[in-house]
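A short reminder: the numbers here are calculations on the coordinates, not readings from a lab. On a predicted model such as this, the values are computed, not experimentally measured, just so you know. Positions of Cβ are backbone-derived with ideal geometry, glycine not excepted, and every protein chain shown enters the neighbour counts.
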Amino acid sequence: MIYIFSFSIIFLLTGYVIFSTYRAKSFLSEMTAMMIAMAVSMMASIVVGTILGVILVGKMTIPVISSVLFGMIIGYVIGRPFSLLASLDGLLAGIMGGMMGAMLGVMVFSQDPIVMMIFVDAIFIIVMILILKLIRQEDKGMDTKSLTSNKTNWIKVIFCIIAVLLVASVVFFKPISHYFRDLLGDTTLVSDDSSTEINEVQAEQKDGYQEAVIMVEPFGYTPENVKVKAGIPVQLHFQKSFSGGCLSYLIIEDFLIEKDLDKGDNLVEFTPEKPGIYTFHCGMNMYFGKIIVE
């Protein structure tokens, strides 16, 4: 639902801004055109990249390529009637926005993607409204009375859009009270001691090796810490419950391990020779765990 809403907002507002820019091109300066091309292409590509990054479960290739191309086309189309410089400004902004949006989608897809989508939608709408206001202010044929009237209308529009987004977030998605509970802390959670026990496991000793299971979930590794014995081969089963995302790549530098993790069971084998604490993490250094060698 939110994705359809977001795509609709992007195409409708972007199209209207392009139409308004072309209609007022005889009144707009090159500097203003450069600003419009940069702002629209960057914001549109950021939102598209974020949406695709979330929809495709954190995969990077398609979101980056699609959002960058979308932003580059928007920037070129807006800047083309004015100058090559304005088009270039829009193209470069589209490249930057597309990459940032795709990375944002990857980072939030396992946390609260709906909240982030509402947030970037709100920013996009506000920026587009300000750009439309800028276009009207540059129109030399508009008198003071109409400017004042437009200002009042835009304020009403902004408040209406914010109200709609807040209602949508309450009706369709996670209630706002849950976020306050998450921020303030839920008193029903287990104590620190039990949490530590859950996040740490001792490898089970088998015939000639030691074994442990680590669940790879959208929010990280469970348990985060694994205790093993030095000098005995280790078999770690990374059991992934979903597809895609930065957790699809495992790195353990100290044991020279770099492995793609597919959905299901993934076996990692190594032999720790020296006691110490060794870190493993995902491909983007966002989620970490520790191998404690005793």
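Observations
- GLU258/VAL115 FRET efficiency (R0 35 Å; Cβ-Cβ; nearest 0.05): 0.60
- Cross-linked pairs LYS240/LYS290; LYS206/LYS263; LYS206/LYS259: Cα-Cα separations exceed 21 Å for LYS206/LYS263; LYS206/LYS259.
- Translational diffusion of segment 201-294, µm² s⁻¹ [Kirkwood Rh, Cα pairs; Stokes-Einstein; 25 °C; 0.890 mPa s]: 187 µm²/s
- When only alpha carbons are used to place a centre, segment 209-288 and segment 59-88 end up 40 Å from one another.
- When you count the other C-beta atoms within 10 angstrom of each residue and take the mean per peptide, 129-136, 264-271 line up highest first as 129-136, 264-271.
- As a ratio to 2.2 N^0.38 Å, the alpha-carbon radius of gyration computed for segment 48-110 takes the value 1.18.
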